[in-house]
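Contents: one structure, followed by commentary.
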Amino acid sequence: EVHKQVFYTLFNPAVPVEAKTFAREVALPARFDHLSAHLRERDYLVGDRFTVADAYLFNVLRWCGFHKIDLAPWPNILSLFNRIGERPQVLAAMKAEGLIK
């Protein structure tokens with residue numbers, strides 16, 4: 001679980017700095033390590049095809065940019081993120097939403 005356990009903490013202004021530090025330095029790397037290992041032998045979260053789980057994860061991973069979290073230490077995650085971000089339907093949706101030009 002990356003959304004509630006990590007990004008909720010990072011986005012919530014009421015959360016203490018210590019909790020945000022823990023989320024960024026401990027919780028997120030642990031979850032990304034697990035996710036990266038899972039993706040080692042798969043192109044997508046559920047095997048070899050794109051599913052709604054991948055779309056949701058792509059949205060959550062986009063928040064890394066907002067929080068200046070580098071995905072380079074997790075090349076399997078970065079590869080998935082880039083692969084999804086290059087899909088024509090994803091590009092069209094992000095353009096329609098004004099997220100990219």
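Below are the figures for this structure:
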quantity	calculated
Sole exception among (1) of a type in the set (A, V, I, L, M); (2) loosely packed, with under 15 Cβ neighbours inside 10 Å; (3) not in a helix (DSSP H, G or I) for residue 26, by number	(3)
Filtered residue count, the stretch 1-23, keeping only those that are touching a helix residue (DSSP H, G or I) at 6+ places or on another chain (Cβ under 9 Å) and either open to solvent by less than 40 Å² (accessible area, probe 1.4 Å) or part of a helix (DSSP H, G or I) (or both)	15
Output for the stretch 67-98, where each listed residue is free of Cβ contacts under 8 Å to residues at least 40 places away in the same chain, part of a loop (DSSP other than H, G, I, E, B) and surrounded by 12 or more Cβ atoms within 10 Å (Cβ to Cβ)	71, 87
Which listed residue is within 26 Å of residue 20 (Cβ to Cβ) and in contact with a Ser or Thr (Cβ under 7 Å, 6 or more places away or on another chain), from 59, 76	76
Matching residues in the stretch 54-101 - criterion: being of a type in the set (S, T, N, Q) and closer than 17 Å to residue 42 by Cα	76, 79, 82
The stretch 30-60: number of residues that are out of contact with any His (no Cβ under 6 Å at 6 or more places or on another chain), assigned to a helix (DSSP H, G or I), more than 11 Å from residue 84 (Cα to Cα) and open to solvent by less than 30 Å² (accessible area, probe 1.4 Å)	4
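The values are calculated or read from the model by the stated rules, or taken from the named source; none is laboratory data. Computed from a predicted model, the values in this text were never measured in an experiment. Quick reminder, even Gly has a Cβ in these numbers, built from the backbone with ideal geometry, and neighbours come from all protein chains shown. Each accessible area value is taken on the protein alone, full model and side chains, heavy atoms only, with ligands, DNA and RNA left out. Shrake-Rupley method; radii C 1.70, N 1.55, O 1.52, S 1.80 Å.
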